[in-house]
Amino acid sequence: MDETNFPNAPVTIVAIGGGNRTNKYLEYAVRHPERLRLVGLVEPNPLRRHALAEKFGLKAAQCFEDYACFFRHPLQADAVLIATPENLHFDPCMRAIEAGYHVLLEKPIARTLDECRTIARAARSKGVIVGVCHVLRYHPYFMRIKQIVDSGELGQIISINHNAAVGIDRMTHGYVRGMWRREEITNPILISKCCHDIDFLLWITSSRCRKLASFGSLRWFRAENAPAGSTDRCIDCPIEPSCPYSAVDLYRTRRDWISNFDVPQGATIDQVIDRELREGPYGRCVFRCDNDVVDHQTIAMEMDDDVTISFTMDPFTLDDQRQTHIRLTHGEIDGDERTLRLRWFRGAREKIFDFSSIVGTPFHAGADLNLIEDFVHTLACREHDFRTSIEQSVESHRICYEAERSRLTGQTIRLDD
Ligand SMILES: NC(=O)c1ccc[n+]([C@@H]2O[C@H](COP(=O)([O-])OP(=O)(O)OC[C@H]3O[C@@H](n4cnc5c(N)ncnc54)[C@H](O)[C@@H]3O)[C@@H](O)[C@H]2O)c1
């Protein structure tokens, strides 16, 4: 950010939800207190509320257990960050807009297309900015793809294959045992996980989708696929030593996906893992959860300019990254977040960009911090628009909702009617 034109006073923000995402974005306030200051927090979990209040020096009057109370006693602030679970986006967002705050809203926007559109309309009529957290637009690798496509050096896009490899551990943790396992609690996985991918595809094609069809189902993580002799919890299960989805192996042995387990004062992370395995949702057998989101899905899209796109969401893989292959009139781009390769048809010319050193680095390889910086800069300087406006995000959400309609009805959906 250009220091010379940044105003003297920091942008002030109230966070609604004090979990994983909020902590990521607030790192920017830690690094740049002169640009962003947390002035209020709504978080029902006392451990998280107290930890953040202490870290940012918030007084009791600046902390709330629920957002209804905050909106009854609103604090002076420029913006509200909404990073609550997905079923709690629409209501606080509408209240924040109504109260005149600018909003940084975690994806997905809301749980239905109508709600998404209502938020966009309300923001327009109130004249406030609602930015949606599509982090891929701020990630160095994805930004490079956008820059190459926009430069025209490989001509115009003809077709794209894009694959979001969710990864088997992320799937069992988040979408079978965890927070995003049921549509009624959150959203279909396409919206929870892949609205970023659809946003990315619209962003790089600078085009609108004309027609789509989608297929997919919950094929594997169902009760009837439970191995004979398996039990409700991995910790008691005779099949556990050979089961690829074992919670004991994931959390206790490999210690993966444990960063969001709260460790109360006086307890250790090992005790928390043990309790989770014995009593918590994360200790359950993957075939005996109450999950209903699909475990594989594909979409075929035709865009306004005749570009065709095929997109797949694949949990059954050890990979946990996105792969994109773009075919253009003068060459092709293919990448897997580690390497980005450009090849020209004429002269067998090739160029490679190596991103391997940033794979798995904190804050989505810095994208989270770039995103919050863009939001702060948009509010402070009013020189440019935030990179993902609510209107653009509504369009990508619309495609996800329509893809779900296609999957459930078996129809090809026209979006230009
Ligand atoms: N942009 C991304 O890359 C990205 C990545 C992960 C998650 N997300 C999205 O961010 C959002 C938050 O996810 P997270 O991983 O931070 O989850 P989290 O569970 O770590 O944090 C959510 C917090 O909201 C709190 N909360 C629950 N009810 C509340 C209420 N009524 N008022 C205020 N706070 C309440 C919870 O106690 C929790 O601390 C979700 O919508 C998720 O889909 C986005």
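When only residues in the range 48-70 that are in a helix (DSSP H, G or I) and away from the ligand (no atom under 11 Å from the Cβ) count, which is most open to solvent (accessible area, probe 1.4 Å)?
First, the residues of the range 48-70 that are in a helix (DSSP H, G or I): 48-56, 60-62, 67-70.
When the remaining residues are screened for being away from the ligand (no atom under 11 Å from the Cβ), the result is 50, 53-56, 60-62.
Details: H50: 113, A53: 15, E54: 158, K55: 113, F56: 45, A60: 89, A61: 80, Q62: 44 Å².
Ranking the qualifying residues of the range 48-70, first place goes to E54.
On the given criteria, is M303 within 23 Å of the chain's Cα centre (by Cα) and under 21 Å from L190 (Cα atoms)?
Details: within 23 Å of the chain's Cα centre (by Cα): no; under 21 Å from L190 (Cα atoms): yes.
No: the conditions fail for M303.
Which condition number in (1) over 16 Å from the mean Cα position of the chain (by Cα); (2) assigned by TED's automatic domain parsing to the domain that holds G335 is the one that C234 fails?
The failed condition is (2).
Step by step: first the residues of the range 246-271, then only those that are over 15 Å from R177 (Cβ atoms) and of a type in the set (A, V, I, L, M), then the one that is surrounded by the fewest Cβ atoms within 10 Å (Cβ to Cβ). Which residue is that?
A267
Is it fair to say D78 is more than 9 Å from the ligand (Cβ to nearest atom) and within 28 Å of R181 (Cβ to Cβ)?
On the way: more than 9 Å from the ligand (Cβ to nearest atom): yes; within 28 Å of R181 (Cβ to Cβ): no.
It is false that D78 is more than 9 Å from the ligand (Cβ to nearest atom) and within 28 Å of R181 (Cβ to Cβ).
Any idea which of M171, M179 is in the same structural domain as Q321 (by TED's automatic domain parsing), away from the ligand (no atom under 14 Å from the Cβ), closer than 22 Å to D314 by Cα and aliphatic (A, V, I, L, M)? Break it down stepwise before answering.
Numbers: M179 fails: away from the ligand (no atom under 14 Å from the Cβ).
Selected residue: M171, the only one of M171, M179 that is in the same structural domain as Q321 (by TED's automatic domain parsing), away from the ligand (no atom under 14 Å from the Cβ), closer than 22 Å to D314 by Cα and aliphatic (A, V, I, L, M).
Pick out the one residue from W220, W257, W203 that is touching a residue at least 24 places away in the same chain (Cβ under 8 Å), under 30 Å from T412 (Cα atoms), aromatic (F, W, Y) and within 16 Å of the ligand (Cβ to nearest atom). Lay out the reasoning, then the answer.
Details: W220 fails: within 16 Å of the ligand (Cβ to nearest atom); W257 fails: under 30 Å from T412 (Cα atoms).
Just one listed residue meets the conditions, W203.
Out of C237, C195, report the one residue that is touching a Ser or Thr at 6+ places or on another chain (Cβ under 8 Å) and farther than 30 Å from R49 by Cα. Quick ask: steps written out before the conclusion?
On the way: C195 fails: farther than 30 Å from R49 by Cα.
Selected residue: C237, the only one of C237, C195 that is touching a Ser or Thr at 6+ places or on another chain (Cβ under 8 Å) and farther than 30 Å from R49 by Cα.
When the residues of the range 1-47 are narrowed to those that are part of a helix (DSSP H, G or I) and either over 19 Å from A367 (Cα atoms) or open to solvent by 50 Å² or more (accessible area, probe 1.4 Å) (or both), which ends up farthest from the ligand (Cβ to nearest atom)?
The selected residue is R31.
Under 6 Å between Cβ atoms, which residue pairs at least 6 apart in sequence (or on different chains) link something in the range 364-377 that is of a type in the set (S, T, N, Q) with a partner that is within 12 Å of the ligand (Cβ to nearest atom)?
Once the first residue is of a type in the set (S, T, N, Q) and sits in the range 364-377, its partners that are within 12 Å of the ligand (Cβ to nearest atom) give N370/Y138.
Just name the residue that is farthest from T361 (Cα to Cα) out of those in the range 139-156 that are more than 26 Å from the chain's Cα centre (by Cα) and open to solvent by less than 30 Å² (accessible area, probe 1.4 Å). Show your work before the answer.
Of the range 139-156, the ones more than 26 Å from the chain's Cα centre (by Cα) are 151-156.
When the remaining residues are screened for being open to solvent by less than 30 Å² (accessible area, probe 1.4 Å), the result is 154-155.
Numbers: L154: 30, G155: 32 Å.
For the range 139-156, the residue satisfying everything is G155.
The values are calculated or read from the model by the stated rules, or taken from the named source; none is laboratory data. Here the structure is a predicted model, which means the values were calculated and not measured. Note that we place each Cβ from the backbone using ideal geometry, even for glycine, and neighbour counts take in every protein chain shown. Side chains included, ligands, DNA and RNA excluded: accessible areas come from the protein's heavy atoms. Shrake-Rupley method; radii C 1.70, N 1.55, O 1.52, S 1.80 Å.
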